[in-house]
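Input: a single structure, listed below in structure tokens.
The values are calculated or read from the model by the stated rules, or taken from the named source; none is laboratory data. Note that the structure is a prediction, hence the values are computed from the model and not measured. Here Cβ is always computed from backbone atoms with ideal geometry, including for glycine, and neighbour counts include all displayed protein chains. These accessible areas exclude ligands, DNA and RNA; they are computed on the full protein's heavy atoms, side chains included. Shrake-Rupley method; radii C 1.70, N 1.55, O 1.52, S 1.80 Å.
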Protein chains: 2
Amino acid sequence: MKVELFYDIVSPYSYLAFEVFCRYRALWDTDLVLRPAFLGGVMKATGNVPPATLPQRAPYLLRDVHRTASFFDVKLGFPSEFPGNTLAAMRLLTVVEREKREKLVDLSRALWQRHWGRDDDIKTPAGLVAGCVEAGIPQAEGEKLVERTGDPAIKEALKAATDEVVARGAFGFPAFFVKPLSRGEGGDGDEMFFGSDRFELLAHMYGLPWRGPKP
Amino acid sequence: MKVELFYDIVSPYSYLAFEVFCRYRALWDTDLVLRPAFLGGVMKATGNVPPATLPQRAPYLLRDVHRTASFFDVKLGFPSEFPGNTLAAMRLLTVVEREKREKLVDLSRALWQRHWGRDDDIKTPAGLVAGCVEAGIPQAEGEKLVERTGDPAIKEALKAATDEVVARGAFGFPAFFVKPLSRGEGGDGDEMFFGSDRFELLAHMYGLPWRGPKP
């Protein structure tokens, strides 16, 4: 099946969903298509607000993110700034999506690890280049990729991905769209899921095995 | 372990959580304590709003409720009025919680089936008495229980349960609190969960088996 995963580094539940799809890629015979997009734009377009905005909900979410990450075996702390500004990071991922796709998984994970794992910089060019190096991209090439984030075409591509996911019904991240490949490549048959807690349901719906977050 | 489940008939995900706890009661050796409370009061106290209030989210929620209910094997349609007014129904459950506890499971399920399964009346005394009969309570006794919903002590008890769950951190339903009995009966050690999608996590945290929503 084909899975399009829309995500933003600002979203910890997106990180968990990303790791589960990476782990199940072979077992579920998945064509996993990573779609970096800007969650701030989704929130603005739909009128949604981060769930932690509700004061009574914030402490629960903090607790839930950590116990869920522990269950998923993903290293996750909490950034000192939340929600952080991930616009530059998402532009960098857009560059890599278009120009160095084979590094998109590694760079996404490296940026999540910087931001959520170690509360490290992902806003400045230096922080982003460091993320590239951690993802196995040579420093000089990382610098060139980061430079490209100022390109209007890149800014426009990120905006287009964000507009697209809103048009397809998303109101938050992770949002992913599942389509059995046998149904062909048409726009029909997409099923949208939201969050990192619908994998068992997804597996049930498509007749796939679910062996927990660590298969 | 002891599980206190706070719920309102207005909440379809509460219905799903209720059925899972009923099904796992023996397997998890659970002291399941049903705590009817008024979700409208929780929302008002915390400033929360129903998730379907966000226009972009409403169609997703409708879809998700139905596909999840199908996976959980719970019969669930959609009431013509949503969110419906469940104050009278929750007062009736409060009467039964205090005065006929052995029927609390059956009556909760009967009211959910009326409201979510068949879009049937749970607002008028006649509708509530019909629910009692469906739960195996003789008609005459059902009428007496429904009459008791006007008692100020019952109204106050429902309000007290609602205030209690807010004080314990809830912002929506289902909210449930898990405590391993070995830790004693003190207030410490409670772990709060929200929603019908944290059972696998709960099982992992307490070393219990998870065999899906139909064990």
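Values as computed for the structure displayed
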read-out: Residue check, residue B:7 touching a Pro at 6+ places or on another chain (Cβ under 8 Å) and surrounded by 23 or more Cβ atoms within 10 Å (Cβ to Cβ); value: yes
read-out: Checking residue B:24 against (1) within 14 Å of another protein chain (Cβ to nearest Cβ); (2) among the hydroxyl-bearing types (Ser, Thr, Tyr); (3) buried (at least 21 other Cβ atoms within 10 Å of the Cβ), the condition it does not meet; value: (1)
read-out: Selection within the range A:36-60 - in contact with a Leu (Cβ under 9 Å, 6 or more places away or on another chain) and buried (at least 20 other Cβ atoms within 10 Å of the Cβ); value: A:36, A:37, A:38
read-out: Conditions (1) in contact (Cβ under 8 Å) with a residue 24 or more places away in the chain; (2) over 21 Å from residue B:46 (Cβ atoms): number failed by residue B:173; value: (2)
read-out: Tally of residues being among the basic types (Lys, Arg) and in a loop (DSSP other than H, G, I, E, B) across the range B:33-46; value: 0
read-out: Residues being assigned to a helix (DSSP H, G or I) and modelled with pLDDT of 95 or more - total across the range B:164-201; value: 7
read-out: Those helices (runs of 4 or more DSSP H) lying entirely in the range B:47-122 with at least 1 residues farther than 25 Å from residue B:166 by Cα and out of contact with any Lys or Arg (no Cβ under 9 Å at 6 or more places or on another chain); value: B:58-72, B:104-112
read-out: Within the range A:25-84, tally of residues that are more than 26 Å from residue B:171 (Cβ to Cβ) and of a type in the set (Ser, Thr, Tyr); value: 1
read-out: Residue that is more than 14 Å from chain A (Cβ to nearest Cβ), at pLDDT 95 or above and under 14 Å from the mean Cα position of the chain (by Cα), where the choices are B:105, B:42; value: B:105
read-out: Criterion (within 9 Å of another protein chain (Cβ to nearest Cβ), in contact with a helix residue (DSSP H, G or I) (Cβ under 9 Å, 6 or more places away or on another chain) and modelled with pLDDT of 95 or more) met by exactly one of A:35, A:63, A:67; value: A:67
read-out: Index of the failed condition, residue A:94 passing every other in (1) surrounded by fewer than 23 Cβ atoms within 10 Å (Cβ to Cβ); (2) within 30 Å of residue B:63 (Cβ to Cβ); value: (1)
read-out: Filtered residues of the range A:45-61 (kept if under 19 Å from the mean Cα position of the chain (by Cα) and of a type outside the set (S, T, N, Q)); value: A:45, A:49, A:50, A:51, A:52, A:61
read-out: Sole residue being within 19 Å of the chain's Cα centre (by Cα) and either among the charged types (D, E, K, R) or open to solvent by 30 Å² or more (accessible area, probe 1.4 Å) (or both), chosen from B:168, B:211; value: B:168
read-out: Residues of the range A:124-165 classified as surrounded by 14 or more Cβ atoms within 10 Å (Cβ to Cβ), farther than 15 Å from residue A:98 by Cα and of a type in the set (Ser, Thr, Tyr), total; value: 1
